[in-house]
Amino acid sequence: MLRFGTTIRKTTAIVLLVVVAHIFGCSIAPVHSTPQTCSLAQAAGAQLNSERIEGCFGSYGVEVLVSEGRQRVTSLYSVENSLRVLRTFAVTEFEPDLNPALSRALTQILSGESIGATLKSEGWAVDKSHRYIGVIAAGAYFVQLARLDSGWLGRPLAIHVYDLRASRAGQTLAFATIAEVHHPNYLSVADLEHIYGTWDEDLGATLSQVSRLMRLNAGN
């Protein structure tokens, strides 16, 4: 049975959370909220985020905002009135020692294709190991891409961190660790917990310590 490096996975997840917090200019914390506009029936019925967004909003696209080395930042969006509306802000850290069997899929993904849809088209089944579910305060960049009004600045958004694995022909391979921040009309913390269930409580405790240190270093 394939065993993944738990410590490495947790460290990567924490680093991604800190990166997202830096981009958003704020701290993060676990919290419970109520479901939002995209119904749970629509959200839970799709396996891939791309399928879920299209099912909820009628369209789906991916825009690469940053791509450097093993990290990629993307906007997963739908289109409303000919305008792109960010539904998920995703920060991805690809596996450093990626199995060559996934090289072709990675090349397509780095060229701008959707991660889940690309793996599926290559015959891979995707599986997620959930590291963290909580909230992060909305920053100006997110508000702009999500086409929210300025009143959303500083308000809580659902954030989800998970390890993504790909399986095919009896082989299961580590692919990436992903942090996703969701539009308030797409997925809430309650929605994520309903869809995915439990997550890594140990990581949540570690993250709380990291957030406190970030606030201390910022002089808050």
Worksheet item: Each label point is 7 Å from the Cα along the Cα-to-Cβ direction; what then is the distance between the points at residue 129 and residue 167, in nm?
Response: 1.3 nm
Response to the item:
Taking alpha-carbon centroids only, region 86-118 lies from region 129-197 a number of Å equal to 16 Å
Discussion item. If packing is taken as the average number of other Cβ atoms within 10 Å across a peptide's residues, how do 181-194, 128-141, 61-74 rank, most packed first?
Written reply: 181-194, 128-141, 61-74
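Values in this text are rule-based calculations from the coordinates and carry no lab data. Computed from a predicted structure; not experimentally measured. For neighbour counting, all protein chains shown are included, and Cβ atoms are generated from backbone atoms with ideal geometry for every residue, glycine included.
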